Amino acid sequence: MEKEVISRNFIEQIIDKDLAEGKYEKICTRFPPEPNGYLHIGHAKSILLNYGLAQEYNGQFNLRFDDTNPTKEKMEFVESIQKDIEWLGADWKDHLYFASDYFPQMYEAAVSLIKKGKAFVCDLSAEEIREYRGTLKEPGKNSPYRDRSIEENLELFERMKNGEFEDGSKVLRAKIDMSSPNINMRDPVIYRIAHMSHQRTGDKWCIYPMYDFAHPIEDAIEGVTHSICTLEFEDHRPLYDWVVNEVGYEHPPKQIEFAKLYLTNVVTGKRYIKKLVEEGTVDGWDDPRLVSIAALKRRGFTPDSLKKFVETVGVAKANSSVDYAQLEFCIRDDLKMKDARMMAVLDPVKLIIDNYPDDKIEYVEVPNNKDNEELGTRMVPFGKELYIEREDFMEIPPRKYFRMFPGNEVRLMNAYFVKCTGFEKDENGNITEIHCTYDPESKGGNSPDGRKVKGTIHWVAAKTAFRGEVRLYENLIDEEKGVYNEDGTMNINPNSLTVLTGCYMEPALGEAKAYDSFQFVRNGFFCADAKLSSPGAPVFGRIVSLKSSFKMPK
């Protein structure tokens, strides 16, 4: 038997080559979030990619918070990020780090660059620095402060650290090449003044390193071998390499870029989500209509479904968009064999079996999942008065309508054959009650005389039903129409949330706990909302519908 050939993605090929050539003895990857918001589905790809590579090569995986910008960072975000990564199954063990731990080394690295004549203190304003930088077609101009002496730069930089200057009055810039075709190499700012209290270091520092300076130093200190990031950092790689080489790290890490994960018709940008949260359009960063990891968890997505999704998307060098339906396919595929199939009536109308004993409640045996016998069976109460879906009855049916209508016989799922004998309406013409008779010999949904019925409908016994709330979700924003309208308001889908309060369900569903998920027969997969549910009063949100026209790409 031939051995199966497993295709290697381009990152694995690079690592294989580095190991074969002896560049590294042990692989170390990292996930370096800035704690300025909740993680989203794109971050899940990065987490699972970096953690997966560390696992594959028996290496090390670091979690490092890139907390170099105190203006936007909060401990709330630090805690939420750790929870999300743990939930995804990525284990950083004792390799939890913070960029702020390295502020002293970063300061010393900046001093060493000044001493080498590779950095200078600049008094130009941010606007002037932009003007001096030039364009893609025109080279930049040297700052008038570029030729300050090493001694003057060392003195000014120390005074910046000591808090003697106002925010924005001075910066430290790397001295590289103002005529470089790569604008990132045109004497980039590597330190700024910011008199702000930091969430971890308090008021110890009033100067903070810029990301492009801090990040390669953090990687190098931690012994990261492959710094895997998204494509927008490709043009920053020469600066990354410049920093680790000029500061003098013996085993510099290697930056590799891969394509970001773009999902159609969802909002992933932190500033957009922040606006939605602040305006009360959503009930938090974990609102089930969002695709933050916390929101996906609350909606009922599983770690396995996200891992499958990331695997099917793959690792590419070119950006592209992935259909949201592909994510739905993965959760549907994950739950279809795991979840019990329960009966819940979302738009109820009463069905009365006129020839059934008035006070009798019997129990019918129902398989928990017909496609997975290992989940066993349960006993479901049945009585004279039931609820069925309103759409399962029509007074005047079209052709090929096999559900309930006057004179037609249907199967009540796992129970009996019933034949519709009539119905009642209110003054507005709405159906209020449907009447039928049952065949006592057809228990279990089969007739002893072998007669066939084409329609099968689900039901819930009225006397024992749990009455609960169900929430149906649609896309929050259609990004193909644009996130913003012409008047500056956000293009919110008015039907993104539908709340149904009069739903009837099997009594067992009333005991559901947070994150418990079920397949509601014919209505989709649903999850008990962790934020809205309370003991004995779960609120169910739809994770995904039962079917889709989406076909997984080969």
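The values are calculated or read from the model by the stated rules, or taken from the named source; none is laboratory data. Just so it is clear, the model here is predicted, and its values are computed rather than measured. A quick note on method: Cβ atoms are made from the backbone with ideal geometry, for glycine too, and the neighbour counts reach across all protein chains shown.
Looking at Glu232, Glu250, Glu246 in this structure, which one is more than 26 Å from His43 (Cα to Cα) and part of a helix (DSSP H, G or I)? So that I can check it myself, show each step before the final result.
Numbers: Glu232 fails: more than 26 Å from His43 (Cα to Cα); Glu250 fails: part of a helix (DSSP H, G or I).
Going through Glu232, Glu250, Glu246 in turn, just one is more than 26 Å from His43 (Cα to Cα) and part of a helix (DSSP H, G or I): Glu246.
Does Pro398 count as farther than 17 Å from Ile431 by Cα, assigned by TED's automatic domain parsing to the domain that holds Ser447 and surrounded by fewer than 19 Cβ atoms within 10 Å (Cβ to Cβ)?
yes
For Ser46, indicate whether it is of a type in the set (Ser, Thr, Tyr) and in contact with a Cys (Cβ under 6 Å, 6 or more places away or on another chain).
Spelling it out, it is not the case that Ser46 is of a type in the set (Ser, Thr, Tyr) and in contact with a Cys (Cβ under 6 Å, 6 or more places away or on another chain).
For the subset of segment 136-151 comprising residues that are over 15 Å from Ala174 (Cα atoms) and in contact (Cβ under 8 Å) with a residue 12 or more places away in the chain, which member is surrounded by the fewest Cβ atoms within 10 Å (Cβ to Cβ)?
Ranking the qualifying residues of segment 136-151, first place goes to Leu136.
Looking at segment 521-554 only, could you name the residues that are within 14 Å of Phe466 (Cβ to Cβ) and either without any contact (Cβ under 8 Å) to a residue 60 or more places away in the chain or aromatic (Phe, Trp, Tyr) (or both)?
Correct list: Phe526, Ala528, Ser533, Ser534, Pro535, Gly536, Phe540.
Considering Tyr324, Tyr387, which residue is surrounded by 15 or more Cβ atoms within 10 Å (Cβ to Cβ) and modelled with pLDDT of 95 or more?
The match here is Tyr387.
When Ile15 is evaluated against the numbered criteria (1) modelled with pLDDT of 95 or more; (2) within 15 Å of Leu63 (Cα to Cα), which criterion, by number, is the only one it fails?
Ile15 satisfies all of (1) modelled with pLDDT of 95 or more; (2) within 15 Å of Leu63 (Cα to Cα) except (2).
Among the residues that make up segment 521-544, is at least one of them part of a loop (DSSP other than H, G, I, E, B), touching a Phe, Trp or Tyr at 6+ places or on another chain (Cβ under 6 Å), among the aromatic types (Phe, Trp, Tyr) and closer than 28 Å to Glu311 by Cβ?
No, segment 521-544 has no match at all.
Specify the residue that is farthest from Phe382 (Cα to Cα); the eligible residues are those in segment 412-450 that are small (Gly, Ala, Ser) and surrounded by 15 or more Cβ atoms within 10 Å (Cβ to Cβ).
Filtering segment 412-450 for residues that are small (Gly, Ala, Ser) and surrounded by 15 or more Cβ atoms within 10 Å (Cβ to Cβ), the one farthest from Phe382 (Cα to Cα) comes out as Ser447.
I'm trying to understand the selection: among the residues of segment 503-525, which are surrounded by fewer than 22 Cβ atoms within 10 Å (Cβ to Cβ) and in contact with a Lys or Arg (Cβ under 6 Å, 6 or more places away or on another chain)?
Val521, Gly524
Provide a single number: the residues in segment 120-138 that are aliphatic (A, V, I, L, M) and not in a helix (DSSP H, G or I).
3
So how many residues does segment 494-512 have that are part of a strand (DSSP E or B) and among the aliphatic types (A, V, I, L, M)?
So the count comes out to 4.
Go through segment 425-453 and give me each residue that's assigned to a loop (DSSP other than H, G, I, E, B), touching a residue at least 24 places away in the same chain (Cβ under 8 Å) and among the small types (Gly, Ala, Ser).
Gly444, Gly445, Ser447
Being over 21 Å from Tyr51 (Cα atoms), basic (Lys, Arg), under 27 Å from the mean Cα position of the chain (by Cα) and not in a loop (DSSP other than H, G, I, E, B) is the requirement here; does Arg237 meet it? Reasoning before the result, please.
On the way: over 21 Å from Tyr51 (Cα atoms): yes; basic (Lys, Arg): yes; under 27 Å from the mean Cα position of the chain (by Cα): no; not in a loop (DSSP other than H, G, I, E, B): yes.
The answer is no for Arg237.
Within segment 223-241, track down each residue that is over 30 Å from Leu476 (Cα atoms) and surrounded by fewer than 19 Cβ atoms within 10 Å (Cβ to Cβ).
Matches in segment 223-241: Gly223, Glu234, Asp235, Arg237, Pro238, Asp241.
Would a scan of segment 62-70 turn up a residue that is in a loop (DSSP other than H, G, I, E, B) and closer than 28 Å to Gly300 by Cα?
Looking for residues that are in a loop (DSSP other than H, G, I, E, B) and closer than 28 Å to Gly300 by Cα, one finds none in segment 62-70, hence no.
Among the residues of segment 72-119, how many are assigned to a helix (DSSP H, G or I) and more than 25 Å from the chain's Cα centre (by Cα)?
16
Quick one: would you say Val322 is farther than 25 Å from Phe526 by Cβ and over 12 Å from the mean Cα position of the chain (by Cα)?
On the way: farther than 25 Å from Phe526 by Cβ: no; over 12 Å from the mean Cα position of the chain (by Cα): yes.
So Val322 does not fit the description; no.
Where the second residue is surrounded by 21 or more Cβ atoms within 10 Å (Cβ to Cβ) and not hydrophobic (A, V, I, L, M, F, W, C) and the first is touching a residue at least 40 places away in the same chain (Cβ under 8 Å) and assigned to a helix (DSSP H, G or I) and lies in segment 43-54, which pairs have Cβ atoms under 6 Å and are six or more apart or on separate chains?
Asn50/Thr29; Leu53/Thr29
Looking at segment 54-104, which of the residues that are of a type in the set (A, V, I, L, M) and within 28 Å of Ile14 (Cβ to Cβ) is surrounded by the fewest Cβ atoms within 10 Å (Cβ to Cβ)?
Of everything passing the filter in segment 54-104, Leu96 is surrounded by the fewest Cβ atoms within 10 Å (Cβ to Cβ).
Using the structure shown, decide if Leu386 is hydrophobic (A, V, I, L, M, F, W, C) and without any contact (Cβ under 8 Å) to a residue 40 or more places away in the chain.
It is false that Leu386 is hydrophobic (A, V, I, L, M, F, W, C) and without any contact (Cβ under 8 Å) to a residue 40 or more places away in the chain.
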